[in-house]
Amino acid sequence: MRYKTIIFFILAMIFSACSTHQEKNVFYQQNLFSQTCNQQFFQEEQDKINQNDDVIFTGLNTGYIARDCKDFNLSNSIFDKVEDSYKYDVDLQSLTQKSTRALTSTLINEGINDYQGAWYERTMLNVYKGLNFMSLGDFVNARVEFNRALMRQEKAKEYFASEIKKVYQEASEEKSLKQNIDNNIKIVSKQYENLFKDFNAQKDYTNPYVTYISSIFFFMDYDYKKAADLLKEVYVLNLNKEIEKEFKIFDQYSSSLNPKKLKKYIFIIYENGLSPALDEFNLTLPFIFDDYIMTASVALPILKKRNASYDYLNIANNHQKFISSNVFDFDQIVASEFKANLTSTIIKSLISSIVKTSLNVAAAKNDESGILSLATNIFSIATTRSDLRFWNFLPKNIQVLMIENDGLVQIYDDKNQRIYSSELDTDKNVLIMVRSFSSQFPARIYKIEN
């Protein structure tokens, strides 16, 4: 009877812990691409959030779908709850909560805990909140969000400069852990080499798109000095002709005594395709216990590239034709953070496998019937999974263009099929966001004036 109870408990834990959450990624993608804007979907997802059920993962994806449906108030209401969760459940997490999280991720896997998100996701959360407020005509609250996005970007730099080094130092304090980690980390790292051949990962973490789109906001909010300073930062990182052209205009506005008399411009920002998804691969590695060598499986995440939409946009005003300029590689931003966290990710996965294998060894030594040993082995196999949650809808790359506002803008895809056309007020600067997930689906257009 005792063994039946143990096995029942283990099986119950397995059912709750063996998921990689991949089915949830598919669920959110289906809801976005169908563009049904189903109110029942939003109600059910908000109920989960209100019950504190994986708030960050649920909220990031649901809030973006609400934005895609152009329900900007609902989108920001959901994003607000995500931001609260970042603050209270991540940044202000108590020592007890951190210890509990570390224990469950070690004994089971990271997927059993609530999602905490990547740093680039945190900054983009505030960017989209800011854009939502701009679409609502609320530039006061939009300013708050873009300032927060810039502040989070600075915090991310500090984090990658110091925090991730602690994981190896803590693991190294335990001799048996250090031996198994040192023996295997080189093997695992070598498996990742091929991955980064497909990604141009940066050495230093930064997201220049956050800085760029913030500069556009401050320009449209008449803060020309701050806009020029921010765009200068972008130009230093991206020696691009389009950014150089825009910086000259920003600098002109910044130094003008009467900027109202200067020409007005149209800013087109094209968010293209989808940033990398996460997938899982498994390795069988040797571990040393009491001078005996045993093998165990390790589950690790990998980045998987997703497709772009239109290669570029053809854009025209009343006098000229232009092509959008591909300036920001979001695949690179995602890969940079993934690579920066890689050692930490590998070590956590190795520690989890070491602990599970040591439990299996202990069970085998103290269980003559073999039932407990079988149960712990089944548990180890079933719970050795990677956490594949991520914000599904960030772009693959971002293309930009600034043209003179002469009263008309026409936007065509790379096959010259019209996406958007509009007459414009020549006395205003205008931002037009084009979002295309795939050439198979209609592009989403967001027009913002001030």
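The values are calculated or read from the model by the stated rules, or taken from the named source; none is laboratory data. Since the structure is predicted, the reported quantities are computational estimates derived from the model, not experimental observations. Note that each Cβ is placed from the backbone with ideal geometry, even for glycine, and that neighbours are counted across all protein chains shown.
Among the residues of the stretch 187-197 satisfying the criterion of being exposed (fewer than 12 other Cβ atoms within 10 Å of the Cβ) and within 16 Å of Glu337 (Cα to Cα), which is modelled with the highest pLDDT?
Per the criteria, the residue is Glu193.
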Which numbered condition Glu244 fails, given (1) surrounded by 13 or more Cβ atoms within 10 Å (Cβ to Cβ); (2) at pLDDT 95 or above; (3) out of contact with any Pro (no Cβ under 6 Å at 6 or more places or on another chain): (1)
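Condition first: more than 28 Å from Gln153 (Cα to Cα) and free of Cβ contacts under 8 Å to residues at least 12 places away in the same chain. Can you find one or more residues in the stretch 313-322 that meet it?
Looking through the stretch 313-322, at least one residue is more than 28 Å from Gln153 (Cα to Cα) and free of Cβ contacts under 8 Å to residues at least 12 places away in the same chain.
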Single residue of the stretch 437-450 satisfying the filter (touching a strand residue (DSSP E or B) at 6+ places or on another chain (Cβ under 6 Å) and not charged (D, E, K, R)) that is farthest from Met134 (Cα to Cα): Ala443
Residues being crowded, with 16+ Cβ neighbours inside 10 Å, in a strand (DSSP E or B) and either out of contact with any Leu (no Cβ under 6 Å at 6 or more places or on another chain) or of a type in the set (D, E, K, R) (or both) - total across the stretch 410-438: 9
Selection status of Met402, assigned to a strand (DSSP E or B) and over 14 Å from Asn272 (Cβ atoms): yes
Search result, residues across the stretch 324-354 that are of a type in the set (Asp, Glu) and either touching a His at 6+ places or on another chain (Cβ under 9 Å) or in a helix (DSSP H, G or I) (or both): Asp331, Glu337
Any hit, the stretch 84-93, residues being on the phi < 0 side of the Ramachandran plot, crowded, with 21+ Cβ neighbours inside 10 Å, at pLDDT below 95 and not in a loop (DSSP other than H, G, I, E, B): yes
Residues of the stretch 126-175 that turn out to be among the aromatic types (Phe, Trp, Tyr), modelled with pLDDT under 95 and under 18 Å from Thr206 (Cα atoms), as a count: 2
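Quick one: would you say Lys263 is surrounded by fewer than 21 Cβ atoms within 10 Å (Cβ to Cβ) and outside any helix (DSSP H, G or I)?
yes
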Residue match in the stretch 223-238 (condition: touching a Leu at 6+ places or on another chain (Cβ under 8 Å) and among the aromatic types (Phe, Trp, Tyr)): no
Those residues of the stretch 66-82 which are over 15 Å from the mean Cα position of the chain (by Cα) and not acidic (Asp, Glu), in sequence order: Ala66, Arg67, Cys69, Lys70, Phe72, Asn73, Leu74, Ser75, Asn76, Ser77, Ile78, Lys81
Any hit, the stretch 313-322, residues being under 30 Å from Leu401 (Cα atoms), in contact with a Lys or Arg (Cβ under 8 Å, 6 or more places away or on another chain) and modelled with pLDDT of 75 or more: yes
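Scan the stretch 402-409 and tell me whether some residue there is under 30 Å from the mean Cα position of the chain (by Cα) and either exposed (fewer than 15 other Cβ atoms within 10 Å of the Cβ) or modelled with pLDDT of 60 or more (or both).
Yes, that holds for at least one residue.
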Residues of the stretch 215-260 satisfying the condition of being among the hydroxyl-bearing types (Ser, Thr, Tyr) and in a helix (DSSP H, G or I): Ser215, Tyr224, Tyr235, Tyr253, Ser254, Ser255
Residue within the stretch 198-216 that is modelled with pLDDT under 75, out of contact with any helix residue (DSSP H, G or I) (no Cβ under 6 Å at 6 or more places or on another chain) and among the aliphatic types (A, V, I, L, M) present: no
Residue tally, condition assigned to a helix (DSSP H, G or I) and without any contact (Cβ under 8 Å) to a residue 40 or more places away in the chain, over the stretch 20-36: 6
